[in-house]
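Structure, as structure tokens:
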Amino acid sequence: MMQVGQHAETTRSYSRADLADFSALSGGAPGTQVPEPLIGALFSYLLGVHLPGFGTNYLKQEMRFLAPAPLDQPLTARVEITRLRPDKHLVDLATTCRGADGTLICEGRALVLAKDVGT
């Protein structure tokens, strides 16, 4: 059962090859930093696979980018439950992404519709 304070994390590095692949899909030019949508994808992964997990539906996402995300360095994305609303099957989560040196790259919130929110 989900509880306030419960969290999940994932760590991933992005290479120049990853950026080239992303650029080919998005139609943009490869940059020198990790694009914001790839950081957002880390949160999507956590929410859909780990917390709350399978069957989660994204309702809202807010992200504030505070620092550039460097290539070839581990980025750690984290989601943490801040509020449960079992009557509506809603879960509020804080989202953060930090660089290997602890720099806060992104912070925000997510609201999801989830099964088994609990009572």
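Read-outs: derived from the displayed coordinates by stated rules, not from any lab. All of these numbers come straight from a predicted model, not from anything done at the bench. Using ideal geometry, Cβ is built from the backbone for each residue, glycine included, and neighbour counts are taken over all protein chains shown.
The table below gives the values:
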| read-out | value |
| --- | --- |
| In sequence order, calculated HN-Hα J values of the stretch 10-21 (Karplus, 6.51, -1.76, 1.60; Hz; x Gly/Pro) | 9, 10, 8, 10, 10, 9, 4, 5, 4, 5, 5, 4 |
| Dipole axis of the stretch 7-113 (+1 Lys, Arg; -1 Asp, Glu on Cβ), positive-most option in Gln73, Ala8, Ala110 | Ala110 |
| Estimated 222 nm signal from helices in the chain, with DSSP H stretches of n ≥ 4 weighted -39500 (n - 2.57), rounded to 500 | -5500 deg cm²/dmol |
| Prolate/oblate/rounded label for the stretch 39-89 (Cα gyration tensor, a/c 1.5) | prolate |
| Angle between the chain longest axis and helix 36-45 axis [Cα atoms, degrees, rounded to 10] | 40 degrees |
| Sequence-distant residues sharing a close amide H with Val34 (under 5 Å, placed H) | Ala69, Leu71 |
| Per-residue ³J(HN,Hα) for the stretch 70-83, Karplus 6.51 cos²θ - 1.76 cosθ + 1.60, θ = phi - 60°, Hz, x for Gly and Pro | x, 6, 6, 10, x, 10, 10, 9, 9, 10, 9, 5, 10, 7 |
